[in-house]
Amino acid sequence: MIVRKIGVAIGTLFVVVTANFFLFRVVQTDPVAAVYRGRNLSEAKKAELEERFNLNGSKLDQYVGYLEQLSHGNLGYTLNSQPVSSEIAEKLPTTLKLVGTTTILTAVIGIWLGIRAGWRPRSKFDRITTGITMFFYSTSDAFFGLALLYLFASKNPWFPTGGLIDPNSTATGLNRILEQFHHLVLPGTVLVIGYLGQYSLVQRAAMLETSGEDYLTLARAKGLRDSLVRRRHAVPNALLPSITLIALNVGYTIGGAIIVETTFSIPGIGSELVRAAKGPDYALLQGIFLLISAAVIAATLIADLLYPRFDPRVRTP
Amino acid sequence: MARKATRSIAATLAIAAGLMLASGVTPTADARTEDEKLTFTVGVSQEIDSLNLTNGYLVVDYEVWNLQYATLTDKSDNDFSIKPGLAETWESTADGLTWTYHLREGLLWSDGEPLTAEDVAYTINRSVEEEWFNHTSITGNLTATALDATTVEIVTSAPDPRLPMMDAYILPKHVYENIDTEALTTYAAEDGVGSGPFTLTEHEPGQYWKLARNENWYGEAPAVDEVVFRYFAEADALVTSLERGEVDAIDSVPGEQVETLAANENIEIVQGNQGGFNELAMNAGDGLGDGHAALKDAVVRQAVNWAIDREVLVADVLDGYGTPGAGLVTSASPAWDLVVPEDETYSYNPDRANDMLDGAGYADVDGDGIREMPEGTNPLKFRLNIRSDSENDKAVAEFVVPWLKAIGIEVNVKAVDSDQLTTIIGLGEYEMFTWGWVPFVDPDPELSYFTCGQITMDPDSPGYNDGNWCNAEYDALYEQQHVELDADRRMELVQEMLMVFYTEAPYAVLWKTDDIMAYRSDRWEGFVRQPADTGPILFTNSSHSYQNIVPAGTSEPTETTEADTAGNGETDDEGNLLVTVGAAVLVLLIIGGIIFLKFNKGQADRE
């Protein structure tokens, strides 16, 4: 059973790798020409560059070459000749810090809001929180981000305009960490408030569904307090959809928040992806997409394997 | 129950107090004492891709190299003319093929190693051997020999009118000889060993890079201690950072922000040009593809030129921040610009365009408002490709369609990605497109792009001639100027070429594209434009501004260092104060939340 699930995951990853490879090559472009426009490249030098960037031969040859590279754990070279793996390794921690923290915050707050809203649907709490979270969830990150920049960096200069730290800062130790935190308040706000709706809605729906179940009536009939009925009987059963959602989002976390990272000049995987798409830097694009796909697939697999622990109903002999 | 709640509130308050202490009080204290350097911070919209001279290709990379590496000869801020650099004097043999450069005495690299003729010869020869693409356009035909520690002999295999100008970056042999060909391809080049006014000290990828003053530089020491470049991915954030004073200058101002910044008395906007221009290109039909036959006729291309109102484009599309175009621009220096006689200058004259087309037999035979070819078929319907990522292109298309409609030409606009456009041009499947060029200092490369040999005949190895225009007279003149060592004569030849291009009109040059930069005039003065009067202040092909700027209102830079630092400190204080306030608000919210929760819980419990 577990072996089969892992097999499916690996199969999916292979399909994604293949799709990514050909997807980026649908548009006919010549990265070497695009990058070295305006310079005299000899044929020999051009051939050498094409070799290094794996642009030789037919698309199929390139694909085989790419798979061969991958099997050696080599992600190839970016257009400026840096190993893709080290470019990614350099940017990943920032993204993990920002998006990872906000994902946890969003999930915890969102689920909590969803539980309360779903427990008493159409109450004042439900209407207010659902209204607010929906409003921000439907606002685009770019707009929300720019609005915050305008309000809290430009109009009222309370927060920095971007980056992780002021290059002229002399702060060290704890103060440096606090300064970085100061830089991450606005992007973090976009990511947390913007995505609360995702969790609260899913959780609210699950609560609504569960609250009609007979066993809750039974629990109440036994004389349990309402909060206990909710905490012990309703919530555990209603958490399953949210677990799937968290798993998926943990995967996407690796990919960074492209728009937020760009708006606030945060040097993470998301900004790197934007840069790669401009080249187009095939190797870098493929590397980042591979990482994102692998993370999503792995997170889903883990959620899949953990499911039976949370819900005996999915346990199969 | 009640007791428990009180305890957690007390605990939260204690944590809050700790937070406030940590964020509010301590950081400002050391910010004041340590930061006494005079730092000039530039906000940039581009991130370094590679500092390796054999890989990097972005403007921001060049700016670091311009600061870090001195060249044999320097470029005057006035007009890019030759100035002594590492070499103080030079002379040539009568045939102009062998040049001998005499280096300054006692030159040192920033790490203290002596800088000798060996370094120069090593860089030139290795760049030729390994085809370093940023070097070969200069060094491709050269062989260098160090005659002694301060004398280097450079031999060119073909006459080169650019010599004795030698603006190739010279690298430290003692660093690079340890990096072999293979290792060099992936070398990060963050060694910071240089010979220019500033050298790299720190590079935080995706965030910022810093250069410190090089005490071993041969020139007069700049007032600035440190130059910092800070990257912003978002154009509005870049502008905001200048307004707030987080940075002292920015490399680009988006068109819609110009007015706001111009109104700020502390900020000065500089509109500079180094030859960049935008054009409406036409497919003259000498290459591949299915371009319309009418555009093979120079009369039609000229008529298009007469139908365009460049004044309106500059006023409306560029909000006035540009100059109407007059012919191909081939150099960063306006000295090379084409001088067109008044009566031959393309201006907005649709009547003249209509007369020309009537005279050449392009009549509208079927009365649908679109002219046909002289044989009465094949109406003049042109495809115009614009770049989907360019707002300016879209605006231009909106003007061009009705203007050409007025002279009986139908234009169908299609927006494509820049990469796709390159492919479309290579295949020759277009009548017109909009794009731009930024030339080098020497006109040769830009001139070479429009020779017949640069027309794409195999889409797999595209050339630069994107007008598919081949002209024997132009090509012959190109070959002549390519080896003409007499500067005046070469200038005449180039002018002739530009006039041929202008009359044959494969391009309708729309405007000269200005770089719009801005700086804090309340903090800094002494910026140098290159070329004089018309050029930009930063990213100029050399580093004159960085060498010359001083704090505003003084020629004695050190005196104001403290004031400036205090100013910076204040913003920091304010920032930290606000963090504290923010943290306090957050803590209050949490406390409120907890109380609300407990209160609710109590109620629920009672149910």
Chain A: relative contact order as a whole-number percent, Cα under 8 Å and 6+ apart = 26 percent
Percentage relative contact order, the range A:243-306, counting C-alpha pairs under 8 Å, at least six apart | 47 percent
For residue B:513, which sequence-distant residues (separation of 5 or more, or a different chain) have an amide H within less than 5 Å of its own amide H, given hydrogens modelled in the peptide plane?
-> B:276, B:277, B:278
Ordered by number, the GluC sites (Glu not before Pro) in the range B:326-383 that occupy a DSSP loop and have at most 13 other Cβ atoms within 10 Å are B:375
Along the Cα-to-C-beta direction of residue A:277, a point sits 7 Å from the Cα; which residues of the range B:218-255 have their amide N less than 17 Å from that point?
-> B:233-235
Partner shielding of B:223-234, taken as the mean number of other chain Cβ atoms within 10 Å, equals 4
Kirkwood Rh, the protein assembly as shown, all Cα pairs: how many Å?
-> 31.6 Å
In percent, how large is the relative contact order of the range A:117-263, given Cα pairs closer than 8 Å and 6 or more residues apart?
-> 32 percent
Subtracting the Cα-Cα distance of residue A:213 and residue A:48 from 0.36 nm times their residue separation yields 52.6 nm
Report residue B:461's accessible area, 1.4 Å probe, all protein chains in place, as a number in Å² to the nearest 10.
-> 60 Å²
Expressed in angstrom and ordered largest first, the alpha-carbon extents of the range B:419-508 along the principal axes are 42, 25, 24
For the range B:69-182 the translational diffusion coefficient, Stokes-Einstein from a Kirkwood Rh over Cα pairs at 37 °C and viscosity 0.692 mPa s, in µm²/s, is roughly 230 µm²/s
Ranked from the most accessible area to the least, with a 1.4 Å probe and all protein chains present, what is the order of B:452, B:470?
-> B:470, B:452
Could you give me the radius of gyration and the Dmax of the range B:404-554, taking only the C-alpha atoms into account and expressing both in angstrom?
-> 20.2, 62
How far is the Cα center of the range A:275-305 from the Cα center of the range B:428-463, in Å?
-> 37 Å
How far, in degrees from 0 to 90, does helix A:282-310 lean away from the longest principal axis of the Cα atoms of chain A, to the nearest 10?
-> 20 degrees
Taking R0 as 25 Å, what's the FRET efficiency between residue B:259 and residue B:390 from their Cβ-Cβ distance, rounded to 0.05?
-> 0.75
Test item: B:202-212 mean partner chain Cβ contacts at 10 Å | 4
For peptides B:253-262, B:268-277, B:81-90, sequence by mean Cβ density within 10 Å, most packed first = B:268-277, B:81-90, B:253-262
In debye, nearest 20: dipole of the range B:153-262 around its Cα centre with unit charges on the Cβ of K, R (+) and D, E (-)?
-> 240 debye
Taking only protein heavy atoms and a 1.4 Å probe, what accessible area per residue, in Å², does chain A have with all protein chains in place?
-> 48 Å²
Measure out, as a whole number of angstrom, how far apart the alpha-carbon centroids of the range B:158-212 and the range A:176-246 sit.
-> 56 Å
State, to one decimal in nm, how far the label point of residue A:220 lies from the label point of residue B:381, with both points 7 Å from Cα in the Cβ direction.
-> 7.1 nm
Inter-chain Cβ neighbour average for residues A:140-147, partner chain, 10 Å = 1
Using a 10 Å cut-off on Cβ atoms, rank the peptides A:141-149, A:185-193, A:12-20 from the highest mean neighbour count down.
-> A:185-193, A:141-149, A:12-20
Hz values of 3J(HN,Hα) by residue in the range A:121-135 - Karplus curve (6.51, -1.76, 1.60), Gly and Pro given as x | x, 6, 6, 4, 4, 4, 5, 5, 5, 4, x, 5, 5, 5, 4
In vacuo Debye scattering of chain B, one point per C-alpha: log10 I(q)/I(0) at q = 0.11, 0.12 Å⁻¹?
-> -1.12, -1.26
Among DSSP beta bridges whose residues both lie in the protein assembly as shown, state the antiparallel percentage, nearest 5.
-> 75 percent
Correct semi-axes for the range A:220-317, from √(5λ) of the alpha-carbon gyration tensor and rounded to whole Å with the largest first, are 41, 18, 6
Shape metrics for the range A:85-310, restricted to C-alpha atoms - Rg then Dmax, Å = 20.3, 66
Leaving ligands, DNA and RNA out of it, work out the accessible area of residue B:165 with a 1.4 Å probe and give it in Å² to the nearest 10.
-> 40 Å²
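The values are calculated or read from the model by the stated rules, or taken from the named source; none is laboratory data. Quick caveat, the model's predicted, so the values are computed rather than measured. Methodologically, a virtual Cβ is constructed for each residue, glycine included, from the backbone with ideal geometry; neighbour enumeration extends over all protein chains shown. SASA here: full protein model, heavy atoms, side chains in, ligands and nucleic acids out. Shrake-Rupley method; radii C 1.70, N 1.55, O 1.52, S 1.80 Å.
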